[in-house]
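One structure is given below, encoded as structure tokens.
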Amino acid sequence: MNTSNPIKPRYLGGLSAIFWGWQCELIWFALPVAIVLEARYYLNRRWALTKTDFYRVADLTTIALLTMVFFLFLNRQDYHFITTLLTWSPILLFPLVAVLAYSSTPRMSLDILFYSLRGQREAVQQSWDMDYVYLGACLLAAGLGKEGSYYFPVVVIILGCSLYQLRSLRFTKKIFVASLCAILLTATAFHHGIRTTHLSIKKQTELWIASWISQRTDPLKTRTALGKVGQLKLSDSIAFRIKPSSGKPDFPSLLVEAVYNSASGTDWEVFDPRFKTVEHADDFTWRFSEASIYPYPESKIYLEFDRDRSLIPVPSQLVELNELPATDVSISTYGALQGIGLIPAPHYTVSYDSEPHLGDVPSPIDLLVPEEHRISLHQVTDRQTSVEEAIPFIHQFFSDFRYTLFQNDTESTDDPLGHFLQTSKAGHCEHFASATTLLLRHLGIPSRYVVGYAVQEWNDDMKMYIVRDRHAHAWASAYVNGQWIPIDTTPHQWLHMEENHSSFLQPVWDTLGNNRFLFALWFNDQKLSDYEKALYGIGFLLAIILIWRIATSEQVIIKREKITNASNWILPGEDSPFFRIEAQLSILGFRRGKGELMTEWLMRIERPELLPMLTNHNRWRFDPQGISVVEKKKLADQVKSWLDAEAIQKT
């Protein structure tokens, strides 16, 4: 069987695959790929595969793509989704490229690649040369691997050689090389200019955004409001989960996230916002106490951080922090922990005992009461009392207060503390925490305002605590007998009240979210070695099916013509009879100028009657689909008639 020889990136395809494997550390996969791609040029056996065969391979490739997408989605904390997908794209495309390379079909029609085109009544004519598609995929994926100054030169060489094979014969080699060099130099200059401009704009934009955000938000929670007016119901969404190793609900009831000590008007602020670095006990391990025996087992907190610097919710009884995906951990004077260089990871673990350890000794600021609140506090009590009596007194004072999710009285915006203590006697946790902290100071006890989470909702099926956004909580911390102990005066009914306001669809979302979470835990615990035998078995079975399919397919033998120059490949339709007309016109003295288009030449020598034949001649030469046998015969007859007519005129 004789076949035309389309221009192929011989040697370049294999070189691109090896370059990709080297860059992405997949060299042991890339080497067999390169061998398979290049071996076809030395083998003359091909398989006459049908469209159905190609459809099956394309469908399997689609299944592999969906599996890869699902895998990357579940492991997005370990793999960058888009980057990894592009890096592995040569693996996905290889089956299609290999099957096409050893088939009798030169190009891949688009209905094989796109399922939506398969149902069309008319046959799809458009097709792609998958060798060049694969070459481009390898070079793109290689750019996502190792960083190095050699990437750009290697890509330029490979692309330059590919374009050299495809160049028009109207241009000499020197012109082609000079043009390519000029384009590359111009592109490099534009690239550096655009990149410099981009980095400058990016830097300035980041400064603007950071300035805008800093005026409206507080990412490290150095400030919080004393009381807010309006609906305070938070989302039912699950913020994180906690799994005690004991499998029992024995975790501390409060998680500290931020601590404040300076009351200013209607705000709480941090007087000293500095953090000091905590020394590593080991990689991803930090210790906060000298205790060597823990009365409680460690617990895992399943929380993924979405910033590289963030506050870390921990119990105040923290002894050791493990498996935190951070480069450093720092702690504030008041006991708030901050992770630095955080990366997405599924969990971190905490070990704790029964004594609070976080927070330095109090300072005079921890006893300061703002002048605007003194009158309200004096109306509560004007007598001094001991620590032993002060805390029971405060709990007794708030015993007849009630919890509410809504504040609509305008007086609360002017003096929220006084309105809460004397008039409404109803508020949310911020009101209770603020009033308790200032009342403790009024009684001579150093105190601080703390925000974090209440850990109360136990899921017995999962053996985990569920912590939702609406479990965010505030309370006071009092310095008693050398320790900072929590003083929470918010009525216990607040959790039940917020739960009663939850969406009726919450059980549905919880079921879906918890099942997805458990599946992700199971999936992340799986190791490839656990399924090595199964994978080998599946691979062996697929290999047997492939060998059987190839052995039973119709085979053809390709008779190769000796080709010494790639430029000879750019002559499809060289047997077109129209060349005889061109030769005859040249004999008559109508020679074409160098680089002159055939259409322009015929119009210049006033031979417009030849233009219809020229149209079919050009289709024969340049149309990838060619022309039919009937059209070829018609063109040959027209050429013969013209030559005969010219011969008669000459005689």
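What follows draws every value from the coordinates through simple rules; no lab data is involved. The structure displayed is predicted, hence computed values, not measured ones. Cβ: placed from backbone, ideal geometry, glycine included. Neighbour counts: every protein chain shown.
Structure above, values below:
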item: Phi-based couplings in Hz for region 272-286 (Karplus 6.51, -1.76, 1.60; Gly and Pro marked x); result: 10, x, 6, 10, 10, 6, 9, 5, 5, 7, 6, 4, 6, 9, 9
item: Extension gain (nm, one decimal) between residue 515 and residue 62, 0.36 nm per residue minus Cα-Cα; result: 160.4 nm
item: Long-range HN-HN contacts of residue 145 with modeled amide H, under 5 Å; result: none
item: Whole-Hz couplings from phi, Karplus 6.51/-1.76/1.60, listed for region 303-320; x for Gly and Pro; result: 9, 9, 7, 9, 10, 7, 9, 7, 6, 10, x, 9, x, 5, 8, 4, 10, 8
item: Cβ-Cβ FRET estimate between residue 115 and residue 600, R0 fixed at 30 Å, reported to 0.05; result: 0.10
item: Distance (nanometres) between label positions extended 7 Å along Cα→Cβ at residue 128 and residue 246; result: 5.9
item: Karplus (6.51, -1.76, 1.60) ³J(HN,Hα), θ = phi - 60°, over region 89-105, in Hz, Gly and Pro reported as x; result: 4, x, 5, 5, 7, 4, x, 5, 5, 5, 5, 5, 5, 9, 10, 7, 8
item: Per-pair calculated FRET efficiency, R0 = 45 Å: residue 483 and residue 540 via Cβ, rounded to 0.05; result: 0.10
item: Estimated distance in nm for a label pair at residue 385 and residue 199, the labels positioned 7 Å out from Cα along Cα-to-Cβ; result: 6.5
item: Modelled FRET efficiency - R0 51 Å, residue 179 with residue 649, Cβ distances, 0.05 increments; result: 0.70
item: Charge-dipole axis of region 223-522 as Lys and Arg at +1 and Asp and Glu at -1 on Cβ define it, positive-most pick from 244, 522, 436; result: 522
item: Fewest-first ranking of 465, 102, using other Cβ atoms within 10 Å as the exposure measure; result: 102, 465
item: Pairwise centroid distance, computed over Cα atoms, of region 332-410 with region 21-86, Å; result: 59
item: Added length on full extension, which subtracts the Cα-Cα distance from 0.36 nm per residue, residue 343 to residue 580; result: 78.1 nm
item: Exceeding the 21 Å Cα-Cα cut-off - candidates 248/300; 594/634; 8/633; 173/594; 594/632; result: 594/634; 8/633; 594/632
